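The values are calculated or read from the model by the stated rules, or taken from the named source; none is laboratory data. The shown structure was predicted, so the numbers you read here are calculated from the model rather than taken from an experiment. Note that we place each Cβ from the backbone using ideal geometry, even for glycine, and neighbour counts take in every protein chain shown. Accessible surface is based on the protein model in full, side chains and every heavy atom, while ligands, DNA and RNA are left aside. Shrake-Rupley method; radii C 1.70, N 1.55, O 1.52, S 1.80 Å.
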Amino acid sequence: NISNLYAKPYGGNLSARLSLNLLPETPTYTSRVELSNIDLEKLRLDTKFKDKDISGVFNASADFAGTTPDLQTLTGKGKVWIDNGRLWELNLLKGLGDFLFLPLYQKIIFRDADVDFAVHDRTIEITESYLGSKELELAGTGKIGFDGALDLTLHSEVNADLIKDSPD
């Protein structure tokens, strides 16, 4: 049992608890992780996203359980949220910006970005998600399979001023 693990990564806070039972034939675990006020601009410098314009304040909380070493048994739920995020250079959002033909979409700073999720049956189920800025609001639900399968529904509301000069 690790009942209280604390750290201060990238200007924020990490709090975690972990319990691992090694006695049964198939070891089991439970965990609780909370991250708050993580500076994404500092974090990206230690990742493959060094050259990307990504910033914001990252927060997350999650509870997980399962058996080791098999990720197929992973279950849990959690929430991730980002305040004042510049996120368009993440591959998923960059593709979305190109798809929506939004001029200058890279300049959008989301005042809110959050997702509630559950993990079960080798799937991450997005029960609620939201990206909000003055220019654009996106909301959605769906599933992402451990095998990469996507089944997402996304609703968008675009500020008319953002698209008025778009030839598309």
Legend entry - Output for the range 153-168, where each listed residue is at pLDDT 90 or above and out of contact with any Leu (no Cβ under 9 Å at 6 or more places or on another chain): Thr153
Legend entry - strands (runs of 3 or more DSSP E) contained in the range 42-146 and holding at least 3 residues open to solvent by 60 Å² or more (accessible area, probe 1.4 Å) and either modelled with pLDDT under 80 or in contact with a Ser or Thr (Cβ under 9 Å, 6 or more places away or on another chain) (or both): 75-86, 136-145
Legend entry - Selection within the range 147-157 - under 22 Å from Leu74 (Cβ atoms) and in a strand (DSSP E or B): Leu150, Asp151, Leu152
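Looking for whichever is more than 27 Å from Phe146 (Cβ to Cβ) and either touching a residue at least 12 places away in the same chain (Cβ under 8 Å) or open to solvent by 70 Å² or more (accessible area, probe 1.4 Å) (or both) here; the options are Leu23, Leu35. Which one fits?
Leu23
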